[in-house]
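**Q** Just dropping this structure here.
The values are calculated or read from the model by the stated rules, or taken from the named source; none is laboratory data. It should be emphasised that the depicted structure is a prediction, and the values quoted were computed from it without experimental measurement. Cβ placement follows ideal geometry from the backbone for every residue including glycine, while neighbour counts extend to all protein chains displayed.
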Amino acid sequence: MIEAFFSPATTSFAVAICLMLLIAVMELVGALMGMSPSSAVDSLLPDVDTGLDGDFDAVIAADFEGDAIGGAFEGDAPATPNPGTAGPLSHVLGWLCVGKVPVLVLLVVFLTAFGLLGFLIQGLSRGMIGVPLPEIVAVVPALIGGFVTTRFAGLTLAKLIPKEQTEAVSRTHFIGRVATITSGEARRGLAAEAKVTDRFGQTHYIRVEPDNESDRFPEGANIIVVRQSGSVYYAILNTSTAMIE
């Protein structure tokens, strides 16, 4: 059974199924530990153009919580989407519904569809001509079928998941929000994981370093996000207990 599962003609499909199971276990363990691998992965991705279906989602104006940081961000102009700046990768990810559905969910769907379609193709080949197709030949239609399945599954899931959890939130929306260090100690050059809640009540996990080089944020520290550089956010210590979320 194992030999047939990992035969040379179906190795890629077997690996896809194993990866799918591994991701599912990671998500389950994360949920039991109060963490969200999906949110952590999503926070590392760039903002994606999710309006490729003619319903271009305007980027939500950043709510900088001016009271939390002395009103320093009040009056900032809201960000405006510019579809013309989206690159090919952004369009591909948008077509696959990345940004509308958690990326690990989409990856599980793709791996499952790719693996099952691959085994189906090879099974049909054995039944019709007596031998499986060369793996590279079977991979091509399985890949196409996997992407198409992921596309339509993503569109369906985006409608089923509560609206506040699928709303496209610009990464700059986290600026001015109160966050909590959940893992490690944040210091300059060494980011720690922090938990932040967006305006829709959805929890995100982001990588945080102190904005001041001399600061260090231990696990459990409450901080205020003040700026972003790439996938890393910079924060200051939240000294106001009234603003702890």
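**Q** Collect the residues in segment 222-245 that are modelled with pLDDT of 90 or more and either more than 18 Å from Gly189 (Cα to Cα) or in contact with a helix residue (DSSP H, G or I) (Cβ under 7 Å, 6 or more places away or on another chain) (or both), keeping them in residue-number order.
**A** Asn222, Ile224, Val225, Val226, Tyr233
**Q** May I ask you to list pairs of residues, at least six apart or on different chains, whose Cβ atoms are under 6 Å apart, with the first in segment 194-223 being more than 18 Å from Leu237 (Cα to Cα) and the second being among the small types (Gly, Ala, Ser) and surrounded by 14 or more Cβ atoms within 10 Å (Cβ to Cβ)?
**A** Every condition considered, the pairs that remain are His204/Ser39; His204/Ser43.
**Q** Out of the residues in segment 1-46 meeting the condition of being surrounded by 14 or more Cβ atoms within 10 Å (Cβ to Cβ) and among the acidic types (Asp, Glu), tell me which one is modelled with the highest pLDDT.
**A** The selected residue is Glu27.
**Q** Go through segment 209-221 and give me each residue that's closer than 14 Å to Leu190 by Cβ and out of contact with any Lys or Arg (no Cβ under 9 Å at 6 or more places or on another chain).
**A** Of everything in segment 209-221, those that are closer than 14 Å to Leu190 by Cβ and out of contact with any Lys or Arg (no Cβ under 9 Å at 6 or more places or on another chain) turn out to be Pro218, Glu219.
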